[in-house]
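What follows is calculated from the coordinates using simple rules that are stated; it is not laboratory data. Owing to the predicted nature of the structure, the values given are computational and were not obtained by experimental measurement. Here the Cβ positions follow ideal geometry from the backbone for every residue, glycine too, while neighbour counts run over all protein chains shown.
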Amino acid sequence: MKRTTGQDRSQTQSWRPATRAIRGGTWRSEMGETSEALFLTSGYSYDDAATVAARFQGDEEGMTYSRLQNPTVAMLEERIALLEGAEACRTQATGMAAMTAALLCQLSAGDHMVSARAAFGSCRWLGDHLLPRFGVEVTLVDAGDTAQWEAAIRPNTKVFFFETPANPTMGVADLAAIAEIAKAHGITTVVDNAFCSPALQRPMEFGIDVVAYSATKLMDGQGRVLAGAVCGSEQFINDVLLPFQRNTGPNLSPFNAWVVLKGLETLDLRAKKQSENALALGKFMEDRVPTILHPWLDSHPAQALAMKQMDACGPIFSFVLDGGREQAHGLLDALKLIDISNNIGDSRSLMCHPASTTHHNMGPEGREAMGIGEGMLRINVGLEDIEDLKEDMDQALKAIGL
Ligand SMILES: *Cc1c(COP(=O)(O)O)cnc(C)c1O
């Protein structure tokens, strides 16, 4: 195995994002394969006993066991790190394995975390239920109101955890301002960047310490596998995350890593085209629905901040109907092309009703506090022809009287 000709970190770092997404991190075996090899192996064998001893002692580089290293997984990790502009990355079996690892690897009993109120349902569960069981206190804030982060800090605050734009309310948080407050207090910032992917938003450019992903979303992008990733400094990944990850084993399978590697080859194209479609569909619907939550539209309260942080609007936006659950379900049932599905980042257009699906477990009060009403719908806009998407949306809106 060797890196593809002439590839070293200094060369790959000079590449622009689309080139990194296709060639970054590639290793080639003696077969000279063009597409990355899939190493579906749990173990490795050694020429002699001294070699294996040297590897276990860390004196020699090389594979020892796939919970610790795997060539296909390593290629994906190097590629994601390059796309993110991070020193290092490690992948996990799912986005939630990534979020859990990113938090549990650094929090201990007696620590305090400040977390965004509006978040992916399972991310909220970590703070609401899991961390308190282990003696970690959690304070919720409205992520878009920067002053609330500062006000929530206690002497034992160790982590700030949030996503932007937030799911499904599309609230935008100020990455640079929150990172600055955290740095002044020695707090580690962890951002869930699943909605954007590194093709659209790189939180580290704004001073964020740790970026965690559901790579299930835009990175795979074709609705095939679950995957997660955590990016950070060499120090954070090697000294803080790796001891946790290597001993608890939330690893990504080599097969799924390989699928995501293939997904990354088209990430830049897909993220830009899906954003273009999402903007066109948002503009098309803007005057037909009572409320639209779309970071690129003038009606969004943090449009300027979104445009500063993100390269494009991303594939996801939400909107709110006046007729509550009945009308929202009516729109879903009237769709002929767009699927009813709670996944996002897929190349297919998908729509869901958060109150009865992704955020059902939060209960009515929890949803109300997060700004998720019964009339809210969230759409992931895919790669289909925009005219077909507009036609489907048009006939479905007409079917519910809009
Ligand atoms: C999907 C998602 C997750 C969880 O990722 P999985 O791969 O489904 O485990 C976490 N955060 C956000 C914002 C997501 O959209």
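Packing here is the average count of other Cβ atoms within 10 Å per residue, and on that basis the peptides 220-230, 179-189, highest first, run 220-230, 179-189. For segment 72-139 versus segment 164-190, the inter-centroid distance based on Cα atoms is 14 Å.
Note on the chain: dipole from Cβ charges, positive end direction compared against 219, 343, 118; the farthest Cα belongs to 219. For the chain, the longest principal axis of the Cα atoms and the long axis of helix 324-334 meet at an angle of about 70 degrees. Taking the C-alpha atoms only, the angle from helix 175-184 to the longest principal axis of the chain is near 50 degrees. Helical content of the chain, expressed as a calculated mean residue ellipticity at 222 nm, amounts to -10500 deg cm²/dmol (DSSP H runs of 4 or more residues, -39,500 (n - 2.57) each, divided by residue number, nearest 500). Basic side chains Lys and Arg get +1 at the Cβ, acidic Asp and Glu get -1 at the Cβ, and with that the dipole of the chain about its Cα centre reaches some 380 debye.
Separation of segment 199-232 and segment 317-333, taken as the distance between their Cα centroids, equals 29 angstrom.
Taking other residues whose beta carbon is less than 13 angstrom from the beta carbon of residue 241, and scoring Lys, Arg as +1 and Asp, Glu as -1, yields -3. Within segment 2-264, antiparallel bridges make up roughly 40 percent of the DSSP beta bridges whose residues both belong there. For residue 273, a cut-off of 29 angstrom between C-alpha atoms picks up these lysines, skipping any fewer than 8 places away in its own chain: 217, 262, 283, 308, 336, 390, 398.
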